[in-house]
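The values are calculated or read from the model by the stated rules, or taken from the named source; none is laboratory data. Bear in mind the structure is a predicted one, so any value in this text is a computation, not a measurement. With ideal geometry, Cβ positions are generated from the backbone for all residues, glycine too; neighbour counts draw on all protein chains shown.
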Amino acid sequence: MVWVTLVLVSLFSVLLSACAATDSGFRVDGSSAASAEQGIITIKKNLRDKERFDFTAALLAIQVSEITSVEQFLAQPDLRTLSYQKLASKINGMTYREILALAKRSTAKVTIERVGPVGL
């Protein structure tokens, strides 16, 4: 009986932490690239595949939101993958839902297509 209780408590804790990173007050610490990366990883761990793709697309849209031309985008190849350095100040203190809302307000639209095995 004690073992079953421990398993249930552990399972409940995992479910609560998943909700905490996506639905409640968990905020990304954007004080550095490393802390922003950790916050993003924490959120992504608690998302389903589709949500993880959408969240990654939202982060990329935020990252490239200041780009005004194709030439400018092509001149900065580091923008094609997540740059925690560029994102840190833009998403500092934001929750998962606030990040998605910010991306929706961006004029940049990003689509991610799966062409093979991807480890997002």
Hey, among L59, L82, L15, which residue is at pLDDT 95 or above and of a type outside the set (S, T, Y)? L59
List every residue pair whose Cβ atoms sit under 6 Å apart, with the two residues 6 or more apart in sequence or on different chains, where the first one lies in the range 84-106 and is surrounded by fewer than 17 Cβ atoms within 10 Å (Cβ to Cβ) and the second, anywhere, is at pLDDT 95 or above and assigned to a loop (DSSP other than H, G, I, E, B). S89/G30; N92/G30; G93/R27
Residues that are among the aliphatic types (A, V, I, L, M), surrounded by fewer than 18 Cβ atoms within 10 Å (Cβ to Cβ) and either on the phi > 0 side of the Ramachandran plot or free of Cβ contacts under 8 Å to residues at least 24 places away in the same chain (or both): does the range 55-68 have at least one? no
